[in-house]
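Step one of this worksheet: look at the structure below.
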Amino acid sequence: MIGKSVRRREDLRLVRGEGRYADDLWFDNAAHAVFARSPYSHARILKIDATAARSVPGVLAVLTGADLLDAGLGPIPHQLGSSKTGADVPLINRYGSERARTPHRALPTDKVRFVGEAYAAVIAESVDIAKDAAELLDVEWEELPAVTHGVEAVASHAPLVWEELASNVALEAEIGDAAATDAAFAKAAHVVRFNGNVQRVTGMHLEPRAAVATFDRVSGDFILHASSGVGVVIMRDQIAEVFSLSPDKVRVVAPQDVGGNFGTRNAVYPEFIVIAEAARRLGRPVKYVAERSEAFLSDYQGRDLHINAELALDEEGNFLAFRSVNTSNLGAHTVSYVPLNKGAQLMTSLYRVPVASVVAKAVLTNTPPTIPYRSAGRPEAMYAIERMIDIAARDFGFDRIELRRRNMIPSDAHPYRNPLGVTYDNGDHQAPMEKALELADWAGFEARRIEARRRRLCRGIGFSNYIEGTGGVPRERAVLVVRHEDHTVEVIVGTQNTGQGHETAFAQLVASLLGVDFSDVRIRTGDTEFVVAGGGSHSGRSLRFASIVFQQAADAIIARARTIVAKASGCCAEDVAHEDGLFRIAGTNRTMSLFEVARIATELADLPAELRTLSAVADVVTPGLAFPYGAAVCEVEVDPETGQWRIERYTSVDDVGRALNPMIVDGQTHGGIVQGAGQALMEWSRFDPSSGQALAASLMDYAVARASDFPFFTTEISEVPSNNHPLGFRPGGEGGTTPALAVTNNAIVDALAHLGVRHIEMPATPMRIWQAIMDAKAQREGKH
């Protein structure tokens, strides 16, 4: 069934409204938590008087940071990575110390560091009672200066987000060869410069954060039900560390369905810790469901990178060198350095650049923390290099497609080590490019541009190549059990489904490996009661790592089954073949199905104990990165009178090594395109630069892409099996997003280039487009 577009088995349940999400969980006698959130971006907490709040009938408890500290709760131990371990190029702090780790407490005791940070929790019999009581909290604040922009936070005079640190720079590292890069720039015939921002966005999950915590006073065990994608094992371990407990005292359960993730659910949230402590104090379940405004204010957010870059070329257009300073806005807490790392090491994309140097800075600001968001760091890197190629072509007289062809890494150069230290496995990078140009009818575009001009519209076309370097937690574990009683194969795996279609795709793969029917396979995930290891879903790791342990476990089951058949038949295991789902004994016409073998295993008296249940476990650590790649073409029309844009065509060709379920891959690509193009054109989590107040804290202020904003997509899957995966798979969930920022912006600028527009910062809203046209017009008129 590998390569078959099987319809998703979970969809019928979802379209019938039968999905089970965290808010659907019902517990008798549950209390409800409401969080009081900071109105300031930076303020010292001088006093919290909860007397009036506690006196409200129906209020069960009011918790502050001091209460959690007195209870012995520690900070949340986020996975920050290290300069010494991992598959990515190490970012070693220039100052010799490890990257900063700020103590992220569930409720702060000293000061609040962004608008919307929770500083107290009210637990009551109902949400309404808790809300009313939270209004009565009497807080004395000392408002402090704030900084919200990453580049501004680097300045020596910037207010310190954490007074314990010498500056707001949490990490500054340099990768590549700075001296060789400088020497190459000195010999360059052309240098193109780019200075731009990749703006902050939020995940905007259809399902806001939700969780329920319980505590058993007899056993001392916690259970947390929470919508998450990081994986229940990682969440369990981190919560246990906060409470100074062994992991076996904490059980984490993910609901059957999760309403969106995109990375911004992939860390422990403070609210999860607080409701667990509240459950311990009250001895009853405590539930929390975030409202949309809370999500805008306090969800972990994505992107927010400033890039100052240069690209050197010779007279013929050969790339000579690249250098940049990438400044990542971490927000108020060090939750993740991954986006900075992932982007910095891929700044040269899939082009031959002999030397490069990247300075990677991670900076703390008075904003919500940032975290990996779909394709973490890679869309930012592709945006910079692909915009620079377009600018170089326009400024120096090159054809933008030929410039890319000239500098593409040829397929026979693999494995290829890029100048920043990443080695790409294999691939035919030019093939998706040529296919995308063909499908988009690039050659016929100028006729469409002329036709649009007759309608007084500006039509533009953009192109972008891309490559990713996906990794993630390298350990994955699978348990496969063949049950003859109900004719099923049970699969337990540590990845986490958040809408990617695992129930279908994983069942396809296991059915193929074992030779059973797809409908016989049952996937179980998301509960530490039976999931003991695994890393959840992030960085395109789910199929990549799950398929490896599925294959090993399936091979072990088949080997055990051959032994069982041999015992039952009085022959050697070497005489038993497994073909088309059946076990055949050489020289006879006798066959057995896998389920028949499982039944026989329970009946044979002389079988060793380990063979009486037909099952197998595979637990594997897979080092290194995977490298999906591809190309995209976007075609837009812009009304120069209003700046209003319309996407007319969008083409994407993505190499996933091998497509397990092409329909699911296409669906992932479609969603990725909308997220990427939506950021390029409309999404923006922004803050008032003086007060730090969130200026996009509702759907009235934060624009989200809709189906009506897009045409039908033209997508095609390229399949060059990966050399570093036993089944040839490459991740396929993020490719739609990775080139989308660049290709969409390139199309907008191409539409307006004849008016003198050279660049438009994202999001390219109608107002920004109109303003760019007006500025270009004023500049032209000023020259005359």
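Note on the stretch 361-413: among residues that are part of a loop (DSSP other than H, G, I, E, B) and touching a strand residue (DSSP E or B) at 6+ places or on another chain (Cβ under 6 Å), the one that is farthest from E172 (Cα to Cα) is I409. Any residue at all in the stretch 337-344 that's within 21 Å of G203 (Cβ to Cβ), part of a loop (DSSP other than H, G, I, E, B) and of a type outside the set (A, V, I, L, M, F, W, C)? The answer is yes, given that some residue of the stretch 337-344 is within 21 Å of G203 (Cβ to Cβ), part of a loop (DSSP other than H, G, I, E, B) and of a type outside the set (A, V, I, L, M, F, W, C). The condition (being closer than 18 Å to Y119 by Cα, of a type in the set (S, T, N, Q) and outside any loop (DSSP other than H, G, I, E, B)) is satisfied by just one residue among S357, S293, S328: S293.
Applying a threshold of 8 Å to beta carbon distances and a minimum spacing of six or more residues, or different chains, the list of pairs starting in the stretch 758-783 at a residue that is assigned to a loop (DSSP other than H, G, I, E, B) and ending at one that is among the hydroxyl-bearing types (S, T, Y) and open to solvent by 60 Å² or more (accessible area, probe 1.4 Å) is empty.
So which of A703, A677 is modelled with pLDDT of 95 or more and in a helix (DSSP H, G or I)?
A677
Every residue in the stretch 119-141 that is open to solvent by 10 Å² or more (accessible area, probe 1.4 Å) and outside any loop (DSSP other than H, G, I, E, B), please. Within the stretch 119-141, Y119, V127, D128, I129, K131, D132, A134, D138, V139, E140, W141 meet the criteria. Test S357 against the stated conditions and say whether it is modelled with pLDDT of 95 or more, in contact with a Gly (Cβ under 9 Å, 6 or more places away or on another chain), under 27 Å from S542 (Cβ atoms) and of a type in the set (G, A, S). Judged against the criteria, S357 is not a match.
Residues in the stretch 447-495 that are among the aliphatic types (A, V, I, L, M) and over 18 Å from L594 (Cβ atoms): 8 in all. Against the condition farther than 25 Å from Q675 by Cα, among the small types (G, A, S), at pLDDT 95 or above and part of a strand (DSSP E or B), how does A278 come out, does it pass? No: the conditions fail for A278. Taking the criterion of being in contact with a helix residue (DSSP H, G or I) (Cβ under 9 Å, 6 or more places away or on another chain), buried (at least 19 other Cβ atoms within 10 Å of the Cβ) and not aliphatic (A, V, I, L, M), the residues of the stretch 105-115 that qualify are R105, P108, F114.
Listed here are the residues, each with its yes/no results for (1) under 30 Å from R562 (Cβ atoms); (2) at pLDDT 95 or above; (3) charged (D, E, K, R).
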{"site": "L604", "(1), (2), (3)": "yes, no, no"}
{"site": "A618", "(1), (2), (3)": "yes, yes, no"}
{"site": "P628", "(1), (2), (3)": "no, yes, no"}
{"site": "T642", "(1), (2), (3)": "no, yes, no"}
{"site": "S652", "(1), (2), (3)": "no, yes, no"}
{"site": "A659", "(1), (2), (3)": "no, yes, no"}
{"site": "P662", "(1), (2), (3)": "no, yes, no"}
{"site": "H670", "(1), (2), (3)": "no, yes, no"}
{"site": "I673", "(1), (2), (3)": "no, yes, no"}
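Using the structure shown, decide if Y288 is closer than 27 Å to V233 by Cβ, out of contact with any Asp or Glu (no Cβ under 6 Å at 6 or more places or on another chain) and buried (at least 24 other Cβ atoms within 10 Å of the Cβ). For Y288, the condition - closer than 27 Å to V233 by Cβ, out of contact with any Asp or Glu (no Cβ under 6 Å at 6 or more places or on another chain) and buried (at least 24 other Cβ atoms within 10 Å of the Cβ) - is not met. Among the conditions (1) within 20 Å of H487 (Cα to Cα); (2) in contact with a Ser or Thr (Cβ under 9 Å, 6 or more places away or on another chain), the only one that I564 does not satisfy is (2).
Among the residues of the stretch 620-639, are any out of contact with any strand residue (DSSP E or B) (no Cβ under 7 Å at 6 or more places or on another chain), open to solvent by less than 10 Å² (accessible area, probe 1.4 Å), in contact (Cβ under 8 Å) with a residue 60 or more places away in the chain and farther than 24 Å from I409 by Cβ? The answer is no; no qualifying residue exists. A residue that is within 30 Å of E641 (Cβ to Cβ), surrounded by 14 or more Cβ atoms within 10 Å (Cβ to Cβ), touching a residue at least 60 places away in the same chain (Cβ under 8 Å) and not β-branched (V, I, T) occurs nowhere in the stretch 415-436.
The values are calculated or read from the model by the stated rules, or taken from the named source; none is laboratory data. Because the structure is predicted, anything quoted here is derived from the model rather than measured. Note that each Cβ is placed from the backbone with ideal geometry, even for glycine, and that neighbours are counted across all protein chains shown. Ligands, DNA and RNA are stripped out before the accessible areas are found, and what is left, the full protein with its side chains, is counted by its heavy atoms. Shrake-Rupley method; radii C 1.70, N 1.55, O 1.52, S 1.80 Å.
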